[in-house]
Amino acid sequence: MNLQLVLASREKISEIQRLADEIWHDHYVEIIGQSQVDYMLGRFYSTASMESQMEAGQRFYCVMDGDNAMGFVAIEKKADGCFFLNKLYVKTVNQRGGFGAWILNELTSEMPGLRELRLQVNRQNFKAINFYFKMGFVIECVADFDIGDGYFMNDFVMLKKY
């Protein structure tokens with residue numbers, strides 16, 4: 001394995017979209033249903049939406065194994081020492097191999113002065129919740145986020161202090 005986090009510019013948007021489509025259809029249809037997966041992919045992974053997220057300060061990274069993209073992440077600085085992990089997705093075939101832990105550890109070097117890292121995770125996404133517990137996160141609160149068209153993200157907000 002030759003793993004790297006590669007900062008993604010606008011030129012990588014189509015690669016991230018392809019990864020998101022594959023990962024979301026493999027994993028989230030069972031949790032939130034096909035129609036909500038399609039809605040969320042369209043809303044959060046359209047080119048215009050991704051460009052807007054980048055302009056608003058999200059830094060996207062492709063997780064590369066040599067020339068092979070195996071996932072992606074996005075982080076955003078919220079305040080001094082406080083960051084939000086907007087996205088952490090790894091292809092299903094690459095899960096459970098220690099890659100998530102490697103990604104989080106590597107990503108922390110991209111967060112100067114890190115004191116707190118928050119994220120949201122679907123309350124039915126048990127694999128991810130257990131992974132975050134193993135990585136030292138705790139549930140800070142339960143929240144339902146209205147994302148439009150009658151859809152909600154029913155999430156845990158999780159926190160890790162450094």
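Any read-out appearing in this document is the output of simple, stated calculations on the displayed coordinates, not a laboratory observation. Being a predicted model, the structure only gives us computed values, none of them experimental. Methodologically, a virtual Cβ is constructed for each residue, glycine included, from the backbone with ideal geometry; neighbour enumeration extends over all protein chains shown.
Can you compute the radius of gyration and Dmax for the chain, using only the Cα atoms, both in Å?
Rg, Dmax (Cα atoms, Å): 15.0, 43.
All other residues with a Cβ under 12 Å from the Cβ of Phe133 taken together, and with Lys, Arg as +1 and Asp, Glu as -1, what is their net charge? If you can, show how the numbers build up before the last one.
On the way: positive: Lys127, Lys134, Lys160; negative: none.
Summing Lys/Arg as +1 and Asp/Glu as -1 gives +3.
By how many nm would the segment from Glu110 to Asp80 lengthen if fully extended, with 0.36 nm per residue of separation less the alpha-carbon distance?
Gain on extension, Glu110 to Asp80, equals 9.5 nm.
How long are the three semi-axes of the equivalent ellipsoid for the stretch 80-162, computed from the Cα gyration tensor as the root of 5 times each eigenvalue, in whole Å, largest first?
Equivalent-ellipsoid dimensions as semi-axes: 21, 17, 12 Å.
Placing unit charges on C-beta atoms (Lys and Arg positive, Asp and Glu negative, everything else neutral), compute the dipole magnitude of the chain about its Cα centre in debye, rounded to 20.
Here the size comes out at about 540 debye.
Looking at the chain, send over the antiparallel percent of its DSSP beta bridges, to the nearest 5.
On the way: 37 of 41 bridges.
If we restrict to bridges inside the chain, about 90 percent are antiparallel.
Would you mind computing, in nm to one decimal, how far apart the modelled labels at Asn2 and Asn154 are, each placed 7 Å from Cα along Cα→Cβ?
4.5
Which entries of Lys12/Lys127; Lys91/Lys161; Lys134/Lys161; Lys12/Lys161; Lys12/Lys134 have Cα-Cα distances beyond 23 Å here?
Too far apart for the 23 Å limit: Lys12/Lys127; Lys91/Lys161; Lys12/Lys161; Lys12/Lys134.
Please find the FRET efficiency linking Glu22 to Ala143, where r is the Cβ-Cβ separation and R0 is fixed at 25 Å, and quote it to the nearest 0.05.
It comes to 0.35.
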